[in-house]
1. Compute a Gaussian network model of the chain, connecting alpha carbons closer than 10 Å, and tell me which residue from ALA31, ALA57, ALA45 fluctuates the most.
2. If the elastic network links every pair of Cα atoms under 10 Å, which of VAL15, VAL37, VAL26 fluctuates the most in the Gaussian network model of the chain?
3. Enter the accessible area per residue of the range 1-70 (Å², integer; probe 1.4 Å; all protein chains in place).
4. Mean-square fluctuation check for the chain, GNM, Cα pairs under 10 Å: which of GLY48, GLY12, GLY64 is largest?
5. Quantify, in whole percent, the carbon and sulfur part of the accessible surface of the chain (1.4 Å probe; protein heavy atoms only).
6. Suppose only helical runs count, i.e. DSSP H with n ≥ 4. What mean residue ellipticity at 222 nm does that imply for the chain under -39500 (n - 2.57) per run, divided by all residues and rounded to the nearest 500 deg cm²/dmol?
7. DSSP loop (so not H, G, I, E, B), at most 13 other Cβ within 10 Å: list which GluC sites (Glu not before Pro) in the chain pass both filters.
8. Just want to confirm a number: the relative contact order over the chain, from Cα pairs under 8 angstrom separated by 6+ residues, in percent.
Amino acid sequence: DGGLMMCPAELGTAVQAGCRNLVVVVFNDAAMSLIEVKQARRGFAARGMDYAAADFAAVARGFGCAAWRVEEPAALGPAMRAAFA
């Protein structure tokens, strides 16, 4: 989610370019965890690495993408099948 948070406009670019077979899976923990790990390794306090929960499916739909939000494990399989269909 941190990577997508830094460049959501790429979804719009993909739609404009006509990409029809692109599937993006986002594991959303509302944090930029890899940067936080790097900060910790250098002895720095974690700053600015957590953010308000974002609805990435809604963002994707805003760019014209088909999107599914999965919150329960049982919903993952049907969402993945729909995405790859």
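The values are calculated or read from the model by the stated rules, or taken from the named source; none is laboratory data. Note that this is a predicted model, so its numbers are computed, not measured. Quick reminder, even Gly has a Cβ in these numbers, built from the backbone with ideal geometry, and neighbours come from all protein chains shown. We work out accessible area using only protein heavy atoms, side chains counted, and drop any ligands, DNA or RNA first. Shrake-Rupley method; radii C 1.70, N 1.55, O 1.52, S 1.80 Å.
1. Answer for the Gaussian network model of the chain: ALA45.
2. Most flexible of the set in this elastic network: VAL37.
3. Working: 5060 Å² over 70 residues.
Value returned for the range 1-70: 72 Å² of accessible area per residue.
4. Judging by the Gaussian network model, the answer is GLY48.
5. Its accessible area is 58 percent carbon and sulfur atoms.
6. Working: 5 runs with 38 residues, N = 85.
The per-residue figure over the chain is -11500 deg cm²/dmol.
7. Working: sites: GLU10, GLU36, GLU71; in loops: GLU71.
Listed in order of number, the matching sites are GLU71.
8. Working: 62 pairs, mean separation 24.9, N = 85.
The value is 29 percent.
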